[in-house]
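A short write-up of the structure that comes next.
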Amino acid sequence: MFVTHTFPDEVLDLDKAVRTLDLTHNKLVDIPIEISKLTNMQRLVLADNLIARLPVNLGKLQSLKVMTLDGNQITCLPDELGQLVRLERLSISGNMLTCLPETIGSLRNLFLARIGVVPGSNLDYMIMQLVLLNVSNNKLKSLPESIGSCFSLEELQADDNLIEDLPSSVCNLIHLKSLCLNNNNVSQIPPSLLKDCKTLQNISLHNNPISMDQFQQMEGFQEFETRRKKKFDKQIDSNVMISSKGLDEGVDL
């Protein structure tokens, strides 16, 4: 298999013709600033490389919907990430992130702007929002308060970090369906999370210093349980089981 250590110039020469770029499993160290020329690119996959940093002009990729950077050596994300207003799916697991930029909350600006301009806008405008964020297996100690501004977020994966608590703003994520925080240091979650996040169907908190009793006493727990059970009742040959650690599916403590 051909492995490249440098970003291929021939790709950059294609300019606006590039829609998808997948350079997974190479030995790339840098992403050149010239990547900003690929203004029509919708999908960027650079997983399993040696990338340590992202160019600050990444925000010029205004058509980008999917960005996958898993398995690199990235220590921080540039503030310009918030300029990717069409980004729907961001996966950056298996890196060395110690924090996320507050500008991540800007990944909902297009939705707000379009709704304000066109009353009763259809769903075509709504899907241009961050719906999945995967920051698992990093060195995060917290999530930024601005995460609560990503109103369309449906799935938040933050397993295998050093997170101690969640910002209260996560209660604003009214479309959130799945929250994964396995193998962290979470001792409590915002008390109104289950009550406010009315679409939440799955919470996974395995290997955290939080007890099942704490969770069951939260306001909105019964409604959450109803949603969780309804989801898995629809599955054929459901594998939901009760164990000494709690619920293996839906609530994992």
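For the stretch 1-80, give the magnitude of the charge dipole about the Cα centre (Cβ charges: +1 Lys/Arg, -1 Asp/Glu; no others), in debye to the nearest 20. Intermediate results must be reported in sequence, preceding the final value.
Numbers: 8 positive and 11 negative charges, 45 e Å.
That gives the stretch 1-80 a dipole magnitude of about 220 debye.
Taking Cα pairs under 8 Å and at least six residues apart, what relative contact order does the stretch 1-105 come out at, in percent?
Reported as a whole number, the value is 21 percent.
Under the 0.36 nm per residue contour assumption, what length would be gained going from the current alpha-carbon distance of Thr39 and Arg19 to full extension? Let's see the in-between values first.
Details: separation 20, 0.36 × 20 = 7.20 nm, distance 0.89 nm.
Length gained, Thr39 through Arg19: 6.3 nm.
Going by average Cβ density within 10 Å per residue, which order do the peptides 20-26, 179-185 take, highest to lowest?
Per-residue mean Cβ counts within 10 Å order the peptides as 179-185, 20-26.
Dipole of the stretch 2-63 (Lys/Arg Cβ +1, Asp/Glu Cβ -1, origin at the Cα centre): which of Val45, Gly59, Val18 lies farthest to the positive side?
Farthest towards the positive end: Gly59.
Among Ser168, Ile147, Gln157, which residue has its Cα furthest toward the positive end of the charge dipole of the stretch 126-168, with +1 on Lys/Arg Cβ and -1 on Asp/Glu Cβ?
It is Ile147, whose Cα lies furthest towards the positive end.
Just so you know, all these numbers are worked out from the coordinates, no wet-lab data involved. The structure presented is a predicted model; accordingly, all values stated were derived computationally and were not measured. Ideal geometry is used to build each Cβ from the backbone, glycine not excepted, and the neighbour counts take in all protein chains shown.
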